[in-house]
Each structure stands twice: as C-alpha cells, then as structure tokens.
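Accompanying notes for the structure given below.
The values are calculated or read from the model by the stated rules, or taken from the named source; none is laboratory data. Note that the structure is predicted; figures quoted are calculated from it, not measured. For neighbour counting, all protein chains shown are included, and Cβ atoms are generated from backbone atoms with ideal geometry for every residue, glycine included. These accessible areas exclude ligands, DNA and RNA; they are computed on the full protein's heavy atoms, side chains included. Shrake-Rupley method; radii C 1.70, N 1.55, O 1.52, S 1.80 Å.
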Amino acid sequence: VTPSPVFGKGLIFATSGKDGPTLAVRPGGRGDVVPVWREPRGGPYVCSPLLYGDLLYVIDETGRLVCREAATGEALWRARLKGKFTASPVAGDGKVYFTSEEGRTSVLKAGRAFEVLAENPLDEEILASAAIARRSLFLRTRTRLYCIRSGD
C-alpha cells in the first residue's frame, strides 16, 4: 500500500489497500484506536487522499472519485474520471487537479458539487504527482517538466 495519510481538521485520514477502507482517526490514541468514521471499501492502492478545506477527495486507480465531508465521512458526490491514476491529487485556488497516467489533467471546482472546469491533455505518460508552488503547477511527464503559471 502506498497512499500517504493526511492530517488536518484535528484528524488523520488514511486509505489502505486496493478497494480497502478509508478512515479518519484522532491522533494520540493508545491501544485499539476507534475511527471517527470509516468507509469499508473503495480506497485506492496508490493515490493518496487530498484534504482541501472541509472536504476529503479520494480517487482510486480506475478513476472512481468520491468527495466526502472530512468531519463525518459522508459522501457528498461520486464521479468517474477518464483514465488510470497513479498520481495523487493536488489543490489550490479553489480547484482540485487529478492527473491520469495518459497525461490528462482534470481540473475540478473544489466544493460540494461535482463540476469539471477543464480537461487538459499532454501527449506523454505521467506517473508523478503534480506539485504547486508560487502560483505555478508543475507536471512531470516521462521526458519533460512543465510549469503552468497563472497569468495574473
């Protein structure tokens, strides 16, 4: 299992195994830790979850995506994105970015409703997670590094 847990809102969010659980726990427990919430199936094998604002985004390798209320685990919406996914999602400026192995980055409006803002293809395989720094999005393909910067 390769997803990294994420921390925020006083909780640790973790996924475990292909179609395994997604859960939230409070840090600092001892012994048997009881999750704050737990979804028994649908977790990714590779992609890490993304906490952005009050929402947790979880995508699996086949493009199945779920947006959850981070505090309760309630699924707000589900969707399927095109492609196979190895890269973990990133977010900034009210947008969430999901990059497929085929090189397509789907840009979604962050929020409680599913809204695709754009789909941007590159003609090369992408396995690495994107990075965001100083209003720039960095995408690494097999042979190139792209920097996409805001025009304002």
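Among the residues of region 15-68, those identified as among the small types (Gly, Ala, Ser) and either touching a residue at least 12 places away in the same chain (Cβ under 8 Å) or in contact with an Asp or Glu (Cβ under 6 Å, 6 or more places away or on another chain) (or both) are Ser16, Gly17, Gly20, Ala24, Gly42, Gly43, Ser48, Gly53, Gly63.
Check whether at least one residue in region 131-148 is in contact (Cβ under 8 Å) with a residue 40 or more places away in the chain and within 25 Å of Arg41 (Cα to Cα), and report yes or no. Checking region 131-148: not a single residue is in contact (Cβ under 8 Å) with a residue 40 or more places away in the chain and within 25 Å of Arg41 (Cα to Cα). Filtering region 23-33 to residues that are closer than 13 Å to Phe13 by Cα and either of a type in the set (Asp, Glu) or open to solvent by 20 Å² or more (accessible area, probe 1.4 Å) (or both) leaves Leu23, Val25, Arg26, Pro27. Residue count for region 105-152 satisfying the condition of being at positive phi and in contact with a Lys or Arg (Cβ under 8 Å, 6 or more places away or on another chain): 1. In region 1-22, the qualifying residues are those that are among the hydroxyl-bearing types (Ser, Thr, Tyr) and surrounded by 17 or more Cβ atoms within 10 Å (Cβ to Cβ), and the one that is farthest from Ile132 (Cα to Cα) is Thr22.
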